[in-house]
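Step one of this worksheet: look at the structure below.
The values are calculated or read from the model by the stated rules, or taken from the named source; none is laboratory data. Just so it is clear, the model here is predicted, and its values are computed rather than measured. Note that each Cβ is placed from the backbone with ideal geometry, even for glycine, and that neighbours are counted across all protein chains shown. Heavy atoms of the whole protein, side chains included, go into the accessibility calculation; ligands, DNA and RNA do not. Shrake-Rupley method; radii C 1.70, N 1.55, O 1.52, S 1.80 Å.
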Amino acid sequence: QVQLVESGGGLVQAGGSLRLSCVASLRTFSSYATAWFRQAPGKEREFVAGIEWSGGSGSTSYADSVKGRFTISRDNAKNTVYLQMNSLKAEDTAVYYCAARRLLVTTTSSEYPYWGQGTQVTVSS
């Protein structure tokens, strides 16, 4: 069974930074696309960032709302995906989830079969 374990959430002041980590127990980690989604109370779960590993290099994608502020990366040797979040805004407050699927990143949460437990990110204004 695939397990994703997230960490790094917390409370931060607007303009600050956090780095989220997700350790994944995937049999062939490099064969999976990994992504971050977030969900605020009363809102739909939304795609934040994703990374896929093809041909020995990663290809990333970002939601418009976080582009230029967030950076997704992964360490295949450690089976870990990261989300570096800079210039945080109050509207970034949400539970952040890491997710994985085979091969390619998509922005639809229902297309990801593997999920972490979520980690709370709260940004004070």
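Worth a mention:
- Here the label points at Glu46 and Gln13, each 7 Å from Cα along the C-beta direction, are separated by 2.6 nm in the simple model.
- Loop-located GluC sites (Glu not before Pro) across region 31-125 with a Cβ neighbour count of 14 or fewer within 10 Å are Glu44, with loop assigned by DSSP.
- Across region 1-94, the mean sequence separation of Cα contacts (distance under 8 Å, 6 or more residues apart), normalised by length, yields a relative contact order of 32 percent.
- Rolling a 1.4 Å probe over the protein heavy atoms gives the chain an accessible area of 51 Å² per residue.
- Taking Cα centre as origin and charging only the Cβ of basic (Lys, Arg, +1) and acidic (Asp, Glu, -1) residues, the dipole magnitude of region 11-120 rounds to 200 debye.
- Loop-located trypsin sites (Lys or Arg not before Pro) across region 4-69 with a Cβ neighbour count of 15 or fewer within 10 Å are Arg27, Lys43, Lys67, Arg69, with loop assigned by DSSP.
- The residues neighbouring Thr107, those whose beta-carbon lies less than 15 Å from its own, together hold a net charge of -1 under the Lys/Arg +1, Asp/Glu -1 convention.
- For Lys89, the lysines whose Cα comes closer than 29 Å to its Cα, not counting residues fewer than 8 places off in the same chain, are Lys43, Lys67.
- Accessible-area composition of the chain, carbon plus sulfur, in percent [1.4 Å probe]: 46 percent
- The protection proxy used here, the mean number of other Cβ atoms lying within 10 Å of each residue, ranks peptides 114-120, 79-85 as follows, highest first: 79-85, 114-120.
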